[in-house]
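Trainee: This is the structure, below, for whatever I ask next.
What follows draws every value from the coordinates through simple rules; no lab data is involved. Remember, predicted model here, so these are calculated numbers, not experimental data. For neighbour counting, all protein chains shown are included, and Cβ atoms are generated from backbone atoms with ideal geometry for every residue, glycine included.
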Amino acid sequence: MKIEIPEKYIVAFKNKYGEDADLSELEKIYVRSLVTPGEAVGVIAAQSIGEASTQLTLRTKHAAGLSVINTTTGLPRLVEIFDAKKDISTPFMDIYLKQEYSKSKQKASEVANKIIEIKIGDITSSYTVSLRKKSIEFVLDKEMLKEYGFTMKDVMGKFSNMKVSASIDGDNLSVIDKSADSVKKLIRLRNKIVEINLSGLTGVSRAILNQDAQGNYWIKTIGTNLAEVLKMDEIDQTNTISNDIIEVSKVLGIEAARNLIIEEVNGTLQNVGLTVDLRHIFLIADAMCLDGTIRGIGRYGLSGEADSVLARASFEVPLKHLIEAGLYHESDPFKYVANNIMSNQVIPIGTGGVELVVKENGKGNSEENPGKDKEQ
Amino acid sequence: MKLDSNFVFSKIAALEFGIMSPKMIQKMSAVSITSSELYDIDGFPVDGGLSDLRMGVTDPGLTCKTCGNTIRDCPGHFGHLELARPVFNLKTVPYVYNLVNSTCNSCGRILISDEHLKKLSEDIISADINEGNKKKIKLIKALIKHAKNVTICPFCRTKQKKVKLEKPYTFIDGDQKLTPIDILNRLEKIKDSDLQFFGLDPDYSRPEWLVISILAVPPITIRPSITLENGQRSEDDLTHKLTDIVRTNQRLAENIRSGAPEIIIDELWDLLQYHITTFISNGSAQVPVARHKSNKKLKTLEDRIKGKEGRFRGSALGKRVNYSARSVISPDSFLRFDEVGVPIKIAKEVTYPEYVTDLNIDRLKVLVKNFNSYPGANYVITPDNIKRKITETTVNNILDEIKTGYIVERHIKDGDIILFNRQPSLHRLSIMGHRVKVLPYKTLGINPASTLPYNADFDGDEMNIHVLQNEEALAEADMIINIKNNIVSPRHGLPLIGAAQDYVSGCALLTSKDTEFEKESAEFLLSNIGMVTDLKKKKYSGREIFSMILPEDLNFESQSNTYKITKDDDSIVRIKNGKLISGVIDAATIGRESGSLLQFLFVRYGSEVTAKFIDQANKLGLMSLFSMGMSVNIRDFDIPKAAYTEIEKVVNDGEKSVAELLKDYDDIAEAKILSIANRIRIKVRNIIDAYIDKKNNNVESMITTGAKGSITNLIPTIGLVGQQMLRDVRISNGFSDRLTSHFKKKDNGLIARGFIVSNYRDGLNPVEYFLHAASSREGLMDNVIRTPISGYMQRRLSSALQDLKVTEDLSVRLGNSIVQFKYGEDGLDVSASDKGDLKL
């Protein structure tokens, strides 16, 4: 293999030793620093993170000093990332604003108020469910309405495409559902109505204004809705980010999700002062994003989808894997670690990855393509 | 020498899985089980019973009727039991359910129209070829889901009724219960050509094989009976269950033959189903657990396979070894860091098999002769592979016949390479190659410099050694996992082996500005590291002495820990052409997990130079301490009265502002109080830092050199212990509105909620002590809970990434897919480069 030294090292080398420095010296240094082919880098990455994680904290810590926002950190967060959980325990967004909004506190807080989701539930002070009238009556909080700047009409408008009839009587909003025949159904309807979005972004329950060192305001939210936030004009789309990996992969794509995994894992580790080389985190992130979707590392992700039946069976729920293997007539190629260990054969990694055939007195492997016989 | 035995002529290339058909079970069966009796009156196995000799032997002296071998060589043979009525296999019920519901109940065809099927079959084939099994199974699952909801068979136009499954294994069609026979009939109707849509291959897995009509009876060798001391036989759990099955089956068959009423037959059939279910698995939710008379759970087939101690994790992947030893470890600074002190007792027990050649025959003969003392040998293996113990009676014979081609299992000796390990083996550095140093102690000795990668200390820790048994393993232990090659960690590129504690203090003392030695003491120092020289000058500075262990062409510059704290320019480490010109050598240059010089040396000069340097530096440090002395006095912890008045003032001010906040106490005030408590701590820290004597103070010097301790340790020792917390908040008042009866009710002040103003040196008062213990306990609990969580995470990570490897083009691959085109995006090895960078 031809060795190509990255440009930045050549430049640095020439800077130090002059323009006509002997590049073969650099090549020596470069080659010496490369990984050894056959190295089990996956296991090294797993161990580097696993060993470090024994020193992580278990408790969630508040992110920014006095701020009320709690973020999951430490071991629980790490587990959450590697599991590729859909509902993470503390989703949040860091929303950065365009110049004209980030400088003024007032404008920034207007943006923040625009983001916070306000539901019908937030402006109701009480409600009654009546099965006889097949209706639910909500008593709306006038002051709240005023504070948020809604009129009764705004509220009514939300019912236009629902199959119920809504009417207003003073402070009361009554919703009648003719099809309701049980209290259960009405309660379900009530729960649905309470969740109706009046303004703001669905899922964002709070937005807190923060100021960075340069005096620019930015917004931290509890709850995420990246797709909607990115549609807003006031937002600096290039920096705004959510900490929900699955959401990011859906909105921004798999590469963005990969970067987020790396950033989150690295951040969690650095939070407690642990140093793990980025390469290890890259590798895990790349493995998780291998097929274009985010796969966790557990039973329902990478480990559960291994090629080798025996490797899968040795991880968790062996019976299920064995029965399905039998059912679907699977074949387990012995080119992986787990199955070769089970059969007392040399694993195809590290020094075991080297294939060497010795002919003893013409005996031994005399096939045309020695070594290839390992693949069926 | 038999070379043949060392060659691998054939390997397992792949393993195919399938379902066994009743026919196949019959074909491979050595015996048809007909009797539930195990032994006759004379204690001999009954023919056709569950201990039939045709299924193998477990008693010494008997021979197997099938293969003719005795206990050690007979692998065991399956038998079979023809069931009077078929029963379900609990583990295949979900699949049977899917099959029944997605095929027509009258014609047996799949409930998807023909034209659709054509396309699907192409999809499935292409998925199988292009994207592998996973994709195929996903497709099939979607297909089954679709077919389940079809109401009219597209082929024979019969109306379909959905079969319901009542867990665990009752199928209901409308209001009628479907027996295994009904299900069997339905499954048999499914055409071979339709099977591909369910992912089945008619040659390997016909649907009707999922229902048990003939039971494979496992060989006795996997369920041996044991003879107790009183001569009574005790059977294995599986045998117990099998007798139940056979007995129930017999009764069922008899009742069917005699034309007994339906109810009785059904009842027995259900019983048979239950027994076979609990033979396979004893843990499923709706099935009552089968138990021993003593109420112990019966071990089932599933239990044998599943879990940590199961067949996979416990037996197939968990190998057991000979030639290993374990003992308590003790520190021994006079060992090299790559050595391990092995007690003679161990050295005589664990051996290395050495081939006899012309070159070593004389040496080995001496060892054989010396067999019962150290160094000696325990066994001799002849070329025909016969192992013979060397004893008083055999020694002369062996000495006579021993020649080239024999193998002598000799005691391990100094310089042999062995593996050294401490559990938990969290990373690869938990097992490394060490050189043996046989010593007359009872514990394994280890240099304190190499404890960090093992995470070992000497409060009773035990470690294991493994003696390697062939040259290939020996070579790998020496050249790959040798501790010398693993000085730098692959995790972050920092050295894990280096100076710690006294070594650091000693080196810092040696290399500090004014240290000078007379010629004689300098010579003594150097003699300890094996440099016997005749020095010329009258006086030598410590730095001159240290320079002698540096490589001659070394050029290096780095900040020292001392510099970071004192900002004294003289403390910056400058090495020019192997001479230490200025700088204090301390933790920043040679310490573990920080030593920049060690990392620099390892990458540029290689492991041998670095290893030698570490040992010599440590020894120099240690011997310097010996000659110069260093101790800690309680006065080293003194800070002047003025400091304590200041601390008192800080606390008082804090209390005042807390009192202010308490007037309007709420959540926000609580958060502010917390931050006040924190600020007090920081202020105290600064006071200590300002007042503590920086010169002639060995505590302070240990902190500045990074040998041990930090200012954070001084705060609670001589300042104040500070706020005690539980679950990230101040210890809460609880139901009685106060922590202890020493406080007023509803007092939320600093002291009343766990702020400790005393320090360790002066002592805590009882209340403070109690609260301190409460918050320490939380830490312990946290640790206990955390360990299994992180352990499981690591298991999952390893299992997911174990097959990733770097190929010749530096790409990282998992099977046939590429994970990274270049490892770590630049192909650099963390431990072979400057933390993943090239510093030229």
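Trainee: Which whole DSSP H helices in chain B pass both tests: a Cα extent of 20 Å or more along the axis and a mean Kyte-Doolittle value no lower than -1.0? Numbers along the way, then the final one.
Mentor: Numbers: long enough: B:114-130 (24 Å, -0.63); B:132-148 (25 Å, -0.57); B:237-257 (30 Å, -0.82); B:262-280 (27 Å, 0.65); B:596-628 (33 Å, 0.56); B:641-662 (31 Å, -0.26); B:667-691 (36 Å, 0.23); B:766-801 (52 Å, -0.15).
TM-like helix candidates: B:114-130, B:132-148, B:237-257, B:262-280, B:596-628, B:641-662, B:667-691, B:766-801.
Trainee: So which lysines pass the test for B:Lys442, namely a Cα distance under 22 Å, with those fewer than 8 places away in the same chain ruled out?
Mentor: Result set, ordered by chain and number: B:Lys345, B:Lys348, B:Lys413.
Trainee: Regarding segment A:177-246, what whole-number volume in Å³ per residue does the convex hull of its Cα atoms give? Please report the intermediate quantities before stating the final value.
Mentor: Working: hull volume 9.6 nm³, N = 70.
Residue-normalised Cα hull volume stands at 137 Å³.
Trainee: List the aspartates and glutamates whose Cα lies under 15 Å from the Cα of B:Lys134, skipping any in the same chain that are fewer than 8 positions away.
Mentor: A:Asp291, A:Glu305, A:Asp307, A:Glu324, A:Glu330, A:Asp332, B:Asp123
Trainee: Looking at the P(r) of segment B:636-780, how many percent of alpha-carbon pairs lie beyond 19 Å?
Mentor: Numbers: 5715 of 10440 pairs.
Percent of Cα pairs beyond 19 Å in segment B:636-780: 55.
Trainee: Loop sites only, by DSSP: take the GluC sites (Glu not before Pro) in chain A that have at most 10 other C-beta atoms within 10 Å and name the longest stretch containing none of them. Mind dumping the intermediate values first?
Mentor: Values: sites that count: A:Glu4, A:Glu19, A:Glu360, A:Glu367, A:Glu368, A:Glu375.
Excluding the exposed sites themselves, the longest stretch runs over A:20-359.
Trainee: Here's something else I'd like to know. Only sites in a loop by DSSP and with at most 12 other Cβ atoms within 10 Å count here; which trypsin sites (Lys or Arg not before Pro) in segment A:140-199 make the cut? Walk me through the intermediate numbers first.
Mentor: Values: sites: A:Lys142, A:Lys146, A:Lys153, A:Lys158, A:Lys163, A:Lys178, A:Lys184, A:Lys185, A:Arg188, A:Arg190, A:Lys192; in loops: A:Lys158, A:Lys163, A:Lys178.
The qualifying sites are A:Lys163, A:Lys178.
Trainee: Where does the Debye-calculated log10 I(q)/I(0) of segment B:186-256 sit at q = 0.11 Å⁻¹, using only Cα point scatterers of equal weight, no solvent?
Mentor: Debye intensities relative to I(0), on a log10 scale: -0.52.
Trainee: Find me the longest stretch of chain B that has none of the exposed chymotrypsin sites (Phe, Trp or Tyr not before Pro), where exposed means in a DSSP loop (not H, G, I, E or B) with at most 11 other Cβ atoms within 10 Å. Show your work: numbers first, answer last.
Mentor: On the way: sites that count: B:Phe9, B:Phe735.
Within chain B, the longest run free of exposed chymotrypsin sites (Phe, Trp or Tyr not before Pro) spans B:10-734.
Trainee: How large is the convex hull of the C-alpha atoms of segment A:311-355 per residue, in Å³?
Mentor: Details: hull volume 3.0 nm³, N = 45.
Spelled out: Cα convex hull of segment A:311-355, divided by residues, is 67 Å³.
Trainee: Work out the charge dipole of segment B:502-628 with +1 on the Cβ of Lys and Arg and -1 on the Cβ of Asp and Glu about the Cα centre, then indicate which of B:Val573, B:Ala617, B:Tyr503 is farthest towards its positive end.
Mentor: Most positive-ward Cα: B:Val573.
Trainee: Follow-up question, since we're still on this one. I need the peptides B:727-733, A:289-295 ranked by packing, meaning the mean over residues of other C-beta atoms within 10 angstrom, with the highest value on top.
Mentor: Values: B:727-733: 14.3, A:289-295: 17.0.
Per-residue Cβ counts within 10 Å, averaged per peptide and sorted highest first, yield A:289-295, B:727-733.
Trainee: Shape verdict for segment B:1-157, please, from the Cα gyration tensor: rounded (a/c under 1.5), prolate (a/b greater than b/c) or oblate.
Mentor: Values: a/c = 4.37, a/b = 1.66, b/c = 2.64.
Oblate.
Trainee: Moving to a separate point now. Within 10 Å of each Cβ in peptide A:307-320, how many partner chain Cβ atoms are there on average? Round it to a whole number, please.
Mentor: Taking the mean over all residues of the peptide, I get 5.
Trainee: How charged is the neighbourhood of A:Asn243? Take every other residue with its Cβ under 11 Å from the Cβ of A:Asn243, and add Lys/Arg as +1 and Asp/Glu as -1. Before the final figure, lay out the partial values.
Mentor: Working: positive: A:Arg77, A:Lys220; negative: A:Glu80, A:Asp94, A:Asp244, A:Glu247, A:Glu263, A:Glu264.
So the environment of A:Asn243 carries a net charge of -4.
Trainee: Would segment B:450-527 count as rounded, prolate or oblate if I go by the C-alpha gyration tensor, calling it rounded below 1.5 in a/c and otherwise prolate when a/b exceeds b/c, oblate otherwise? Could you put the intermediate results ahead of the total?
Mentor: Values: a/c = 2.31, a/b = 1.98, b/c = 1.17.
In terms of gyration-tensor shape, prolate.
Trainee: Number of Lys pairs in segment A:105-145 with C-alpha atoms less than 26 angstrom apart, excluding same-chain neighbours closer than eight positions?
Mentor: 10
Trainee: Continuing with the same structure: Hull surface divided by four, with the convex hull built on the Cα atoms of the protein assembly as shown: how many nm²?
Mentor: 67.3
Trainee: Find out how many positive minus negative residues lie around B:Ser811, taking Lys and Arg as positive, Asp and Glu as negative, among other residues whose Cβ is under 13 Å from that of B:Ser811.
Mentor: Values: positive: B:Lys805, B:Arg813, B:Lys822; negative: A:Glu39, A:Asp286, B:Glu808, B:Asp809, B:Glu825, B:Asp826.
Summing Lys/Arg as +1 and Asp/Glu as -1 gives -3.
Trainee: Please work out the Cα convex hull volume for segment A:1-146 and give it in Å³ per residue.
Mentor: Convex hull of Cα atoms, per residue: 324 Å³.
Trainee: Over chain B, what portion of Cα pair distances is larger than 50 Å, expressed as a whole percent? Kindly include the intermediate steps, with their values, before the conclusion.
Mentor: Values: 167012 of 352380 pairs.
Tail fraction, whole percent: 47.
Trainee: Neighbouring Cβ atoms within 10 Å as the yardstick, rank A:Met342, A:Met93, A:Met156 fewest first.
Mentor: Working: A:Met342 22, A:Met93 26, A:Met156 13.
Least to most surrounded, the residues fall as A:Met156, A:Met342, A:Met93.
Trainee: Let me ask something else. Quick one: angle between helix A:318-327 and the longest Cα principal axis of chain A, in degrees between 0 and 90, rounded to 10, please.
Mentor: 80
Trainee: Let me ask another. How much of the calculated P(r) for segment B:236-318 lies past 21 Å, in percent of all Cα pairs? Could you put the intermediate results ahead of the total?
Mentor: Working: 1387 of 3403 pairs.
Counting every Cα pair in segment B:236-318, those more than 21 Å apart make up 41 percent.
Trainee: Which net charge results for the neighbourhood of A:Val204, defined as the other residues with beta-carbon distances under 14 angstrom from its beta-carbon, given Lys and Arg at +1 and Asp and Glu at -1?
Mentor: Summing Lys and Arg as +1 and Asp and Glu as -1 gives -2.
Trainee: Over chain A, what number does the Rg to Rh ratio reach, with both radii from the alpha-carbon atoms and Rh per Kirkwood? The partial results should precede the final answer.
Mentor: Working: Rg = 29.8 Å, Rh = 26.5 Å.
With Rg and the Kirkwood Rh in hand, the quotient comes to 1.12.
Trainee: Using +1 on the beta carbon of Lys and Arg, -1 on that of Asp and Glu, and nothing else charged, what's the dipole of chain B about the Cα centre, debye to 20? It would help to have the intermediate numbers written out before the result.
Mentor: Working: 114 positive and 108 negative charges, 316 e Å.
Charge dipole, chain B, about its Cα centre: 1520 debye, nearest 20.
Trainee: Moving on to the next point. Could you name the lysines whose alpha carbon sits less than 24 Å from that of A:Lys28, not counting residues in the same chain fewer than 8 places away?
Mentor: Leaving aside lysines fewer than 8 places away in the same chain, those within reach of A:Lys28 are A:Lys2, A:Lys8, A:Lys14, A:Lys16, B:Lys484, B:Lys576, B:Lys612, B:Lys805, B:Lys822, B:Lys835, B:Lys839.
Trainee: Follow-up question, since we're still on this one. Please go through segment B:378-412 and write out the trypsin sites (Lys or Arg not before Pro) that DSSP classes as loop and that have at most 12 other C-beta atoms within 10 Å. Working shown, then result.
Mentor: On the way: sites: B:Lys387, B:Arg388, B:Lys389, B:Lys403, B:Arg410; in loops: B:Lys403.
Answer by residue number: B:Lys403.
Trainee: Exceeding 27 Å between C-alpha atoms, which entries from my cross-link table qualify? They are A:Lys320/B:Lys65; B:Lys135/B:Lys191; B:Lys663/B:Lys745.
Mentor: A:Lys320/B:Lys65
Trainee: Still on this structure: What angle, in degrees between 0 and 90 and rounded to the nearest 10, separates the Cα long axis of helix A:254-271 from the longest principal axis of the Cα atoms of chain A?
Mentor: That works out to roughly 90 degrees.
Trainee: Compute the distance from the alpha-carbon center of segment B:465-532 to that of segment B:307-359, in whole Å.
Mentor: So the separation of the two Cα centres works out to 23 Å.
Trainee: May I pose another question? For segment A:118-199, report the translational diffusion coefficient in µm²/s to the nearest whole number, using Stokes-Einstein at 25 °C, 0.890 mPa s, and a Kirkwood Rh over Cα pairs. Can you show the working numbers first?
Mentor: Values: Rh = 12.7 Å.
Result for D is 194 µm²/s.
Trainee: If you filter segment B:267-374 for trypsin sites (Lys or Arg not before Pro), then keep DSSP loop positions with at most 10 other Cβ within 10 Å, what is left?
Mentor: Numbers: sites: B:Arg291, B:Lys293, B:Lys296, B:Lys297, B:Lys299, B:Arg304, B:Lys306, B:Lys308, B:Arg311, B:Arg313, B:Lys319, B:Arg320, B:Arg326, B:Arg336, B:Lys345, B:Lys348, B:Arg363, B:Lys365, B:Lys369; in loops: B:Lys293, B:Lys296, B:Lys299, B:Lys306, B:Lys308, B:Lys319, B:Arg320, B:Arg336.
Taking segment B:267-374 and a limit of 10 other Cβ atoms within 10 Å, the loop trypsin sites (Lys or Arg not before Pro) found are B:Lys293, B:Lys296, B:Lys308, B:Lys319, B:Arg320.
Trainee: Please determine, in degrees from 0 to 90 and to the nearest 10, the orientation of helix A:7-17 with respect to the longest principal axis defined by the Cα atoms of chain A, where the helix direction is its Cα long axis.
Mentor: Orientation of helix A:7-17: about 60 degrees from the principal axis.
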